[in-house]
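The values are calculated or read from the model by the stated rules, or taken from the named source; none is laboratory data. Owing to the predicted nature of the structure, the values given are computational and were not obtained by experimental measurement. Cβ sites come from the backbone with ideal geometry, for glycine too, and all protein chains shown count toward neighbours.
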2 protein chains.
Amino acid sequence: MQNRTLELLKSYHLKATPQRIEILNVIESLGHANIDEIYEVAKKKHSTMSLATVYKNITALLEKNILNEVALNNFKSKYEIVKDRHAHLVCKECGYVQDIELNQEIKHISKDISSDYNFNFENLELNIYGVCSKCSK
Amino acid sequence: MQNRTLELLKSYHLKATPQRIEILNVIESLGHANIDEIYEVAKKKHSTMSLATVYKNITALLEKNILNEVALNNFKSKYEIVKDRHAHLVCKECGYVQDIELNQEIKHISKDISSDYNFNFENLELNIYGVCSKCSK
DNA sequence: TCCTAATTAATAATTTTTATTTGTAATAAT
DNA sequence: ATTATTACAAATAAAAATTATTAATTAGGA
Ligand SMILES: [Mn+2]
Ligand SMILES: [Mn+2]
Ligand SMILES: [Zn+2]
Ligand SMILES: [Zn+2]
């Protein structure tokens, strides 16, 4: 558990409960995880944890921008700790999501958008679908 | 209803039923639509249409690659007729999705991926989130 | 240490999606 | 054209996913 995250929680008046900390730990250790994956792993440490608790926490942490949703074609959304801009490799077979560097080219797309279209740019999401090395053999 | 679409249906042994044609018409006219939007509009022409019929058709048309899913953060997935590669402007307020040209830069990302990472590239999805002109005033 | 608001587990309720069944209709075969 | 075949639709039920409610617990501040 990062100290930074604890401070984030405090600054948003979110209590650092064991359940919440565990949820964040699970997400951090898995990188990207959906509701069920988080619940399954977190339950090991907190056997009484309710699935509704996972839902409520995910919602709260998304609202505070501590977590980020990664909506996927054909899979349930995954969640990740908010971090610097990056892109995703998404395996169509197993749903595994891998972070990759966001190419330099993409970084200036945002500038174009606001001028080319009458659109108030906020953030950009690049997901690259294919088959991961594990699944392709 | 495009003749091309009718041929597509036939080639995949999907019957060109009035309901299915109407679903495709609705998606085409709206550009991007989620299950409920499709159902609401389609019901006007076919008052007895069941929501389950929309689900079944969307699934079938996705499998045949006639439709494409657009998974969105914070909104239900939308569906569109498969078309040439393009990017999306997504309004965080109202969920409206607008097609935009996929910048030239992005077109060659695919080449890098397969070599840089051990990943069998299939397709790429670029969603740009922000606030549309309608919602920002 | 005490207080209070936030949080949790448990449970119920709601919403979303999928499955089943049975009659119907689109297409192919005759 | 008529019939046969099979996919399909509507209706309904079932299952899965998400959210709401409640009462007890607890984290964090006074
Ligand atoms: Mn990521
Ligand atoms: Mn589109
Ligand atoms: Zn894989
Ligand atoms: Zn909007």
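Right, B:Leu61: aliphatic (A, V, I, L, M), out of contact with any helix residue (DSSP H, G or I) (no Cβ under 7 Å at 6 or more places or on another chain), within 30 Å of A:Lys134 (Cα to Cα) and within 16 Å of ligand 4 (Cβ to nearest atom) or not? Full working, then the answer.
Numbers: aliphatic (A, V, I, L, M): yes; out of contact with any helix residue (DSSP H, G or I) (no Cβ under 7 Å at 6 or more places or on another chain): yes; within 30 Å of A:Lys134 (Cα to Cα): yes; within 16 Å of ligand 4 (Cβ to nearest atom): no.
Criteria not met by B:Leu61.
If we keep just the residues of the stretch A:45-58 that are surrounded by fewer than 17 Cβ atoms within 10 Å (Cβ to Cβ) and not in a helix (DSSP H, G or I), which is farthest from DNA strand C (Cβ to nearest atom)? So that I can check it myself, show each step before the final result.
To start, the set of residues in the stretch A:45-58 that are surrounded by fewer than 17 Cβ atoms within 10 Å (Cβ to Cβ) comprises A:45-48, A:50-52, A:55-56.
Those left that are additionally not in a helix (DSSP H, G or I): A:46-48, A:50.
Details: A:His46: 5, A:Ser47: 8, A:Thr48: 4, A:Ser50: 4 Å.
Ranking the qualifying residues of the stretch A:45-58, first place goes to A:Ser47.
In the list A:Ile38, A:Ile106, A:Ile81, which residue meets the criterion of being surrounded by 20 or more Cβ atoms within 10 Å (Cβ to Cβ) and in contact with a strand residue (DSSP E or B) (Cβ under 9 Å, 6 or more places away or on another chain)?
A:Ile38
Restricting the search to the stretch A:86-116, which residues are away from ligand 3 (no atom under 11 Å from the Cβ), facing chain B (nearest Cβ under 7 Å) and at pLDDT 90 or above?
A:Ile100, the sole residue that qualifies.
Where the second residue is among the aromatic types (Phe, Trp, Tyr) and away from ligand 2 (no atom under 16 Å from the Cβ) and the first is within 7 Å of chain B (Cβ to nearest Cβ) and part of a helix (DSSP H, G or I) and lies in the stretch A:117-137, which pairs have Cβ atoms under 9 Å and are six or more apart or on separate chains?
Once the first residue is within 7 Å of chain B (Cβ to nearest Cβ) and part of a helix (DSSP H, G or I) and sits in the stretch A:117-137, its partners that are among the aromatic types (Phe, Trp, Tyr) and away from ligand 2 (no atom under 16 Å from the Cβ) give A:Ser133/B:Tyr117; A:Ser133/B:Phe119; A:Ser136/B:Phe119.
Return the residues of the stretch A:49-60 that are in contact (Cβ under 8 Å) with a residue 12 or more places away in the chain and either within 14 Å of another protein chain (Cβ to nearest Cβ) or within 16 Å of ligand 3 (Cβ to nearest atom) (or both); say none if nothing qualifies. Quick ask: steps written out before the conclusion?
Step one: of the stretch A:49-60, the residues in contact (Cβ under 8 Å) with a residue 12 or more places away in the chain are A:49, A:51, A:53-55, A:57-58, A:60.
The one that is in contact (Cβ under 8 Å) with a residue 12 or more places away in the chain and either within 14 Å of another protein chain (Cβ to nearest Cβ) or within 16 Å of ligand 3 (Cβ to nearest atom) (or both): A:Ile58.
Going by what's in this entry, would A:Asp84 be described as without any contact (Cβ under 8 Å) to a residue 40 or more places away in the chain, of a type outside the set (Phe, Trp, Tyr) and part of a loop (DSSP other than H, G, I, E, B)? Show your work before the answer.
On the way: without any contact (Cβ under 8 Å) to a residue 40 or more places away in the chain: yes; of a type outside the set (Phe, Trp, Tyr): yes; part of a loop (DSSP other than H, G, I, E, B): yes.
Yes: the conditions hold for A:Asp84.
When you scan the stretch B:120-127, do you find a residue that is out of contact with any Ser or Thr (no Cβ under 6 Å at 6 or more places or on another chain) and of a type in the set (Phe, Trp, Tyr), even just one?
No, the conditions are met nowhere in the stretch B:120-127.
Every residue in the stretch A:59-73 that is surrounded by 19 or more Cβ atoms within 10 Å (Cβ to Cβ) and over 10 Å from the mean Cα position of the chain (by Cα), please.
A:Leu61, A:Leu72
Report whether or not B:Leu67 is more than 16 Å from ligand 1 (Cβ to nearest atom) and within 14 Å of chain A (Cβ to nearest Cβ). Working first, answer last.
Details: more than 16 Å from ligand 1 (Cβ to nearest atom): yes; within 14 Å of chain A (Cβ to nearest Cβ): yes.
So B:Leu67 passes the test.
Which one of B:Ala42, B:Ala71 is away from ligand 2 (no atom under 16 Å from the Cβ) and either closer than 28 Å to A:Asn118 by Cβ or part of a helix (DSSP H, G or I) (or both)?
When all the criteria are applied, what remains is B:Ala42.
Please specify each residue of the stretch B:1-55 satisfying the condition of being modelled with pLDDT of 95 or more and of a type in the set (S, T, N, Q).
Result: B:Thr17, B:Gln19, B:Asn25, B:Ser29, B:Asn34, B:Ser47, B:Thr48, B:Ser50, B:Thr53.
With respect to B:Thr17, determine if the residue is within 8 Å of DNA strand D (Cβ to nearest atom) and free of Cβ contacts under 8 Å to residues at least 60 places away in the same chain.
Yes, satisfied.
Got at least one residue in the stretch A:27-34 being in a helix (DSSP H, G or I), among the acidic types (Asp, Glu) and touching a residue at least 12 places away in the same chain (Cβ under 8 Å)?
From the stretch A:27-34, those in a helix (DSSP H, G or I) are A:27-30; that's our starting set.
Add one more test, that the residue is among the acidic types (Asp, Glu), and what stays is A:28.
Then drop every residue that is not touching a residue at least 12 places away in the same chain (Cβ under 8 Å), which leaves A:28.
Yes; the residues of the stretch A:27-34 include at least one that is in a helix (DSSP H, G or I), among the acidic types (Asp, Glu) and touching a residue at least 12 places away in the same chain (Cβ under 8 Å).
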